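What follows draws every value from the coordinates through simple rules; no lab data is involved. No experiment lies behind these values; they were computed from the predicted model shown. Glycine also receives a Cβ, built like all others from the backbone with ideal geometry; neighbour counts cover every protein chain displayed.
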Amino acid sequence: MLPAVPLLALDRQYDVLRDEIQAAIREVCDSGRFVLGPDVSALEDELAKVLDVPHVIGCASGSDALLLALMAVGVGPGDEVLLPSYTFFATASAVTRLGAVPIFADIDPETFIVDPADVRRKVSRRCRAIIPVHLFGRTADMDALLPIAAEAGVPVIEDAAQSILSTWHGRCSGGLGDIGCFSFYPTKNLGGAGDGGFLTTTRDDLAKQLRLLRVHGMEPRYYHDVVGINSRLDSIQAAVLRVKLPHLDTWTSQRQENAARYDRLFAAAGLAEHVITPSDETRGRHVWNQYVVRIKGGQRDALRQHLSACKVGTEIYYPVPLHLQRCFAHLGWRHGDLPATEQAAEETLALPIFPELRADEQETVVGRIAEFFGAAPAGSDGAEARGGQPAGGSEEPSAVRQPHFLRRAVGRADEVIS
Ligand SMILES: Cc1ncc(COP(=O)(O)O)c(C=O)c1O
């Protein structure tokens, strides 16, 4: 039997940091400061340094970050906001919660990221903001998008929930547009022990507004000139994240190495006829929150079933594009409106890419895919992983490898939803 491979195994990260994380949580409990407070301020300062942005504002989730950003730039009922349909639901629900109208743009079929040409086509006089999503850890084409926003005179709100530490010409995502929105959801590259998020901005006026809006618009205490929301980051989250932040760069490099290893394994397995692997970004750092392949020939779901039977974790991001979600039916979008988006929803499959993923586990993943397509087994890295031995047959390579890392039955990281 080949070993099982989880989509994500947060327990491996926690095993290394357990003592530090538990001590940090204990300190917060001892302090009695549970909401915002010194840990949140310290985390904001540390993130500002790492991302090289002047302002970081913690909040309760990436979803709230998007909502706060749109509120801060004054989006309201009837306004249009341009965004991709191929993204997590929160990108669009932030728009509709304010009574504004999401205008969905199609994606570039190669990168899965919003197509600037379609954005340009759809900007109208009612447009009040553009939200590029740096999907799967890759920065959107800001060279093309920023001039479109500037011409339209609207702010750019980066949905950087999946892309912390990604860059564009050397600058971090979140500092490229007017506001950046990030998530600390546990599956993200920097994940907390629960929900959390933050905003970035280079603009002093927006920073001030965002700080106000996250605390009900209250300034001073119990005085409200504007209506905000309750979206404060918990001190326990901040304390845990401060333990993890110094490791983020290394974890990101490990994700990059894993992506490069997949590329080699897929090339060696001769699967190009069936599997299109994702390209890297030459204009900036791709941080590989997800490694998403495209499966040709209408075989994606059958392959996923096969992998699931083999206990290889995968996920579909996203099976139903947002313009076709039932809750948005009243907006009048139809099948066929965004062809590249709809095709991606039918063909993409995310494979395990987390930093602690081992080389032999990646061989297992590619080997199982090769098995499904009846192709030769993967093994370009096999020689590397097995100390120079040639890659063996596909039958039972696990027999010569380390036993699979034991996962706990409770709190499995791959059961999370986004
Ligand atoms: C692209 C994108 N936007 C927004 C969010 C929302 O973040 P959160 O889950 O922290 O609310 C997520 C993550 O789930 C995401 O992937």
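For n ≥ 4 DSSP H runs only, could you compute -39500 (n - 2.57) per run for the chain, divide by its residues and tell me the 222 nm figure to the nearest 500?
Helix contribution divided over all residues of the chain: -11500 deg cm²/dmol.
Rank these for me by crowding, I157, I113, going from fewest to most other beta carbons within 10 Å.
I113, I157
What's the local net charge at G174, with K and R +1, D and E -1, over the other residues with C-beta under 12 Å away? Don't skip to the answer; put the middle values down first.
Working: positive: R171; negative: D52, E158, D159, D178.
Net local charge, G174 excluded: -3.
Taking only C-alpha pairs under 8 Å that are 6+ residues apart, what is the relative contact order of the chain in percent? Let's see the in-between values first.
Values: 852 pairs, mean separation 90.5, N = 418.
Across the chain, relative contact order equals 22 percent.
Taking the Cβ of each residue in M218, M1 as the centre, tally the other Cβ atoms inside 10 Å and list the residues starting with the fewest.
With the sparsest Cβ surroundings first, the list reads M1, M218.
What percent does the relative contact order of the range 83-199 come to when contacts are Cα pairs within less than 8 Å and at least six residues apart? Please list the in-between numbers first.
Numbers: 211 pairs, mean separation 20.5, N = 117.
After rounding, I find 18 percent.
Once amide H atoms are built 1.01 Å from N in the peptide plane, which residues 5 or more positions from V312, or in another chain, come under 5 Å H to H?
For V312, whose amide H was placed from the backbone, the distant partners under 5 Å are V5.
Averaging sequence separations of C-alpha pairs under 8 Å and six or more residues apart, then dividing by the length of the range 10-246, give the relative contact order as a whole percent.
With pairs under 8 Å counted, the relative contact order is 26 percent.
Using only the Cα atoms of the range 1-77, what are the Rg and Dmax in Å?
Every Cα atom of the range 1-77 included, Rg and Dmax give 17.9, 57 Å.
Taking K and R as +1 and D and E as -1, what net charge do the other residues with C-beta under 12 Å from the C-beta of R368 add up to?
Details: positive: R304, K311; negative: E361, E363, E371.
In short, -1.
Springs between alpha-carbon pairs under 10 angstrom, Gaussian network model over the chain: which of D280, D360, D337 fluctuates most?
Comparing D280, D360, D337 in the GNM, the peak value goes to D337.
Short version: ³J(HN,Hα) in whole Hz for each residue of the range 126-143, in order, from phi by Karplus 6.51 cos²θ - 1.76 cosθ + 1.60 (θ = phi - 60°), x for Gly and Pro, what are they?
8, 5, 10, 6, 10, 10, x, 10, 7, 6, 6, x, 10, 5, 5, 6, 6, 4
Cα convex hull of the chain: how many Å³ per residue?
Taking only Cα atoms, the chain has a hull volume of 143 Å³ per residue.
At 0.36 nm per residue, minus the direct Cα-Cα distance, what do V35 and R171 gain on full extension? Give it in nm, one decimal, please.
Answer, rounded to one decimal: 45.9 nm.
Using a 10 Å cut-off around each Cβ, can you sort W168, W333 from fewest to most neighbouring Cβ atoms?
Fewest-to-most ranking of W168, W333: W333, W168.
If Lys and Arg each add +1 and Asp and Glu each add -1, what is the summed charge of the other residues whose beta carbon sits under 15 Å from the beta carbon of F184?
On the way: positive: K188, R214, R232, R242, K244; negative: D39, E44, E46, D64, D159, D195, D234.
Around F184, the surrounding residues sum to -2.
Over the range 223-314, one equal point on each Cα, no solvent: what is log10 I(q)/I(0) by the Debye formula at q = 0.17, 0.23 Å⁻¹?
So the normalised log intensities work out to -0.91, -1.21.
Take the alpha carbon atoms of the range 122-175, find their radius of gyration, then divide it by 2.2 N^0.38 Å using N residues; give the quotient.
The value comes to 1.13.
Report the residue, chosen from A302, A344, A149, that carries the largest GNM mean-square fluctuation when the chain is represented by alpha-carbon nodes joined by springs under 10 Å.
Its mean-square fluctuation being the largest, the pick is A302.
Over the C-alpha atoms of the range 10-246, what are the Rg and the largest Cα-to-Cα span, Dmax, in Å?
Reported Rg and Dmax, both Å: 17.6, 56.
Can you tell me which of A150, A90, A140 moves the most in a GNM of the chain? Springs connect C-alpha atoms under 10 Å apart.
A150
Within straight cross-link reach of K188, meaning Cα distance under 30 Å, which lysines are found once same-chain residues fewer than 8 apart are removed?
Hits, sequence-local ones excluded: K49, K208, K244, K296, K311.
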